[in-house]
Ligand SMILES: [Fe+2]
Ligand SMILES: [Fe+2]
């Protein structure tokens with residue numbers, strides 16, 4: 001490895017460090033780690049194995065194996081302990097050193113390439129977390145290359161762990177938000193399960209629109225929280241069995257703004273907040289609170305509006321009977337272009353028709 005290669009490697013390593021720490025999306029992190037390891041170590045094949053909690057089992061987490069079939073070995077049992085000292089001593093880990101001999105032979109039968117793979121430990125605060133492996137070809141790695149390999153391992157481990165922690169944190173946040181939203185909507189005894197169903201219909205539209213992961217998560221949150229502002233509406237109005245009076249209707253119509261005010265305190269939730277604020281706007285501009293028209297209404301709100309209405313008309317209320325889903329779809333179509341965004345009505349109807357067909361098949 002000459003000087004320019006060292007500089008190039010360090011530059012790539014620095015770039016990798018920035019890239020993997022700039023996102024908390026686990027798939028993006030893993031993709032970056034695999035591709036940068038591949039280019040830094042000059043190996044098209046890269047695999048990441050993570051230790052199970054008892055530290056004796058390694059499972060395949062992700063891989064880059066161009067042209068190859070799916071890896072035939074996904075789990076390595078009875079793994080002996082390994083540490084980073086190996087790499088600092090100028091060596092790498094071979095699988096044969098850390099798994100029982102018989103098992104090793106079995107693994108090679110299924111996946112011969114493992115014989116030529118070398119591994120660096122993934123570590124967090126000196127604790128083993130897994131291994132990252134590359135195909136060695138025939139060359140011997142220099143000490144600098146091994147140091148870089150090892151450093152990649154540490155960075156990769158931290159990035160993966162951070163992304164995992166963030167994912168579970170986000171998951172528990174979403175659960176809390178759902179529990180909160182259901183608790184609020186359950187004050188209205190006639191809308192049990194409304195939030196869950198609206199969220200489900202929104203997810204169908206999100207899939208049909210091929211939204212990316214982040215957008216989909218925000219829409220899920222917006223649909224979950226769309227009626228959170230009902231927390232500020234009196235029980236007597238929420239629970240009223242008959243049709244609301246004009247004053248009561250005015251009070252009820254405040255819930256999108258109350259919801260938006262609650263969420264407005266969280267800057268990162270601006271997209272979600274707009275979805276909540278505008279879910280009773282109408283495509284023809286006759287909705288509330290602002291009377292926005294057409295695509296001036298944020299996309300999340302236009303989607304929630306369809307899902308919300310569909311659930312309301314397919315659910316029995318004290319003052320009205322539920323109508324069946326087919327009839328409800330034609331009701332939505334009837335209001336396409338006036339109440340709803342026509343392009344989204346089309347997407348929704350197609351998605352719902354697929355579901356109906358799926359059920360009847
Ligand atoms: Fe609402
Ligand atoms: Fe609603």
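The values are calculated or read from the model by the stated rules, or taken from the named source; none is laboratory data. In this text, all values refer to a predicted model and were calculated from it rather than measured experimentally. Every residue, glycine as well, gets a Cβ built from its backbone with ideal geometry; the counts of neighbours run over all protein chains shown.
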Which of the residues belonging to segment 222-256 are away from ligand 1 (no atom under 11 Å from the Cβ), without any contact (Cβ under 8 Å) to a residue 40 or more places away in the chain and either closer than 21 Å to residue 271 by Cβ or crowded, with 16+ Cβ neighbours inside 10 Å (or both)?
237, 240, 248, 251
For segment 170-212, the count of residues that are closer than 19 Å to residue 344 by Cα and either more than 16 Å from ligand 1 (Cβ to nearest atom) or free of Cβ contacts under 8 Å to residues at least 24 places away in the same chain (or both) equals 11
Somewhere in segment 25-44, is a residue modelled with pLDDT under 85, assigned to a loop (DSSP other than H, G, I, E, B), surrounded by fewer than 18 Cβ atoms within 10 Å (Cβ to Cβ) and within 24 Å of the chain's Cα centre (by Cα)?
yes
Residue 94 being in contact with a strand residue (DSSP E or B) (Cβ under 6 Å, 6 or more places away or on another chain) and either within 18 Å of residue 154 (Cβ to Cβ) or at pLDDT below 90 (or both):
no
Going through segment 299-339 in order, the residues found to be within 15 Å of ligand 1 (Cβ to nearest atom), modelled with pLDDT of 95 or more and not in a helix (DSSP H, G or I) are 339
Testing residue 272 on (1) within 27 Å of residue 348 (Cα to Cα); (2) in a helix (DSSP H, G or I); (3) at pLDDT below 95; (4) away from ligand 1 (no atom under 15 Å from the Cβ), one condition comes back false. Which one is that?
(4)
So for segment 112-134 (the condition being assigned to a loop (DSSP other than H, G, I, E, B), in contact with a strand residue (DSSP E or B) (Cβ under 9 Å, 6 or more places away or on another chain) and at pLDDT below 90), does at least one residue qualify?
no
